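Please read the structure below before turning to the comments.
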C-alpha cells in the first residue's frame, strides 16, 4: 500500500493544479445541471423551453398573454430593424457608386490637365517703381511682379501666402490695379 501511495504521489506531482481545473469545472457544471433537472422533475415541472416562434408561442398555453404580446412586439421590432438596415445599405451602395463616378471624373480631368502640360508662367518682369521714394520689400516686389504678369489677386495671395486684403492693400499702395485672371 505504501508503494501505491508513493506511485500516486509521484504521478500527481507530474501534473500541476491548473491542469485539473478545467475538467473539474466542467464536471461541477454537469453535476449542478443534473441536480437542477432532478429537482424540477420532482416538482412536476417540465424542462422544455418556451417556443421561440411568435405564432407557436401565441398558441401555447404555457406562456402568459403578456409574454405573448412581448414576443410579437419583439418580432415586429426585429422586422422593422431589418428593413431599416436594408434601406441604409441600399443608400450606402448608391453613395459608393456616386463616389466611384466622381473619382473617375476627377481622374479624367487630371489626365486632361496632365496632357496639356505645365501652366507656362510669364517671364518675370522687374518690380515696378513706386510713386513714393520707399524701397520695396521682397514681399511687396513679388506681389507687384505677379500683378504685372497678369495674375489675379486671389492667385497672388495664394502664391505669396498672404491674405487677400493684404495683397489688395499692397497693390493699391503701389498704384497697380487689381489684375484679371489670365485667360487660358
message = Given the criteria surrounded by 16 or more Cβ atoms within 10 Å (Cβ to Cβ) and at pLDDT below 80, does residue 182 qualify?
response = no
Scanning the stretch 135-151 residue by residue, those surrounded by fewer than 17 Cβ atoms within 10 Å (Cβ to Cβ) and part of a loop (DSSP other than H, G, I, E, B) turn out to be 135, 137, 149, 150
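The values are calculated or read from the model by the stated rules, or taken from the named source; none is laboratory data. Everything numeric in this text was worked out from a predicted model, so none of it was measured. Cβ coordinates were reconstructed from backbone atoms using ideal geometry, including for glycine residues, and neighbour counts include every protein chain displayed.
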